[in-house]
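Remarks on the structure that follows.
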Amino acid sequence: MSLVLHFDDEAGLAQGLAHALGWDCQAVGIHRFPDGECRVCLPSSLPRRVVLLRGLHQPNEKLGLLLIAAPAARDLGAGHLTLVAPYLAYMRQDMEFHPGEAVSQRHVGRALAAWFDAVITVDPHLHRVASMDEVVPGRRGLSVSAAPLLAAHAARQVPGALLLAPDEEAGQWVRAAAQANGLDHAVCRKRRQGDHEVQVALPDADVAGRAVVLMDDLASTGRTLIAAAQGALARGAASVDVAVTHGLFIGDALAQVRAAGVRHVWSSDCVPHASNAVSVVPLLVAAVRQVAD
Ligand code: R5P
């Protein structure tokens, strides 16, 4: 029997994945010592095929624990080890934007490639890199997209919605999701000047009177969504809802998004959050089967 291993905070997603695959599911035990070190405890004997589910939101400690858990899984019998990271951090720093800056995507990718045979994720923020195979050199990298599921959810909740991508990077993603659901779409232009300083210019599309659904891969500070929502409402949108794959919503981001006039906020369950409305389990099941084949 193959096994899905998980950490405590992702038990729900792991159990859903294991159940759909017909695999066992067990937790990795963590004891935190007073000095900040952790004791990591896995089942004492592992089957050949193991999936370790670990989303990498709040990534630094989680990467530290993967550094221990992955080789421990090998020692305990895992011959083929797949990381399922519904949210994969450090993908945005994909070039040296200023002299001396570490290209984090490259280094995190290489570390994952050293620990895992395959890495599966959902809507990674790949900009200058074409595929997950490039992120984990020499290993199997696979990404799936929650956009069609989010768009289908939006179409059910708001028939006839106008899907709005807040930036060009989300444009292609939103275009495909809109076409698959028979919805209109439009793409904004974004200028980011700092962590919390974002300007979004709306496209020429007629937004007045339309029910707008903003779709993006990620909401972190929420500033992108806030700027786009304010722009759409200023242009006469009848309502603005939000659908994102990864709802990080750092600090008071969600409250700020709502204060900007957003009605509903929907996210996938890649990152556990009160806004979760769409499950990526079917996507992950298909990806794990593809890797297993
Ligand atoms: C970047 O291009 C991404 O697609 C998101 O738009 C961005 O990361 C969102 O970040 P924030 O919520 O901090 O504006």
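Each reported figure results from applying straightforward, stated rules to the coordinates on display, with no laboratory input. Remember, it's a predicted structure, so these values are computed and weren't measured experimentally. So basically every Cβ, Gly included, is an ideal-geometry build from the backbone, and we count neighbours across all protein chains shown.
In Å, what Rg and Dmax follow from the Cα atoms of the chain?
Final numbers for Rg and Dmax: 19.7, 61 Å.
Between Ala180 and His19, what FRET efficiency follows from the Cβ-Cβ distance if R0 is 22 Å, with the result rounded to 0.05?
0.25
Find the all-direction average of the projected area of the Cα convex hull for the stretch 170-293, expressing the result in square nanometres with one decimal place.
The orientation-averaged projected area of the Cα hull of the stretch 170-293 comes to 8.5 nm².
Sorted by mean Cβ packing within 10 Å, highest first, what order do the peptides 38-44, 181-187 take?
Result, highest mean Cβ count within 10 Å first: 181-187, 38-44.
Between Cys41 and Ala130, what is the label-point separation in nm under the 7 Å Cα-to-beta-carbon projection?
4.8
How much length, in nm to one decimal, is gained on full extension between Ala27 and Asp206, taken as 0.36 nm per residue of separation minus their Cα-Cα distance?
Fully extending the segment from Ala27 to Asp206 adds 59.4 nm.
Mind giving me the nanometre distance, one decimal, between the label points for Ala238 and Ala255, set 7 Å out from Cα along Cα→Cβ?
Reported label-point gap for Ala238 and Ala255 is 3.2 nm.
At a temperature of 4 °C and a viscosity of 1.567 mPa s, determine how fast the stretch 53-172 diffuses translationally according to Stokes-Einstein, using the Kirkwood radius over alpha-carbon pairs as Rh; express D in µm²/s, rounded to the nearest whole number.
This corresponds to a translational diffusion coefficient of 81 µm²/s.
Counting Lys and Arg as +1 and Asp and Glu as -1, each charge on the Cβ, what is the dipole of the chain about the Cα centre in debye, to the nearest 20?
My answer is approximately 240 debye.
Helix-only estimate, please: 222 nm mean residue ellipticity of the chain, summing -39500 (n - 2.57) across DSSP H runs of length 4 or more and dividing by its residues, to the nearest 500.
Estimated from H runs of four or more residues: -10000 deg cm²/dmol.
For labels at Glu197 and Leu65 in the simple 7 Å Cα→Cβ model, what's the distance in nm?
Label-label distance for Glu197 and Leu65, simple model: 3.7 nm.
Quick one: Cα convex hull volume of the stretch 163-243, Å³ per residue?
Given the Cα convex hull of the stretch 163-243, per-residue volume reads 78 Å³.
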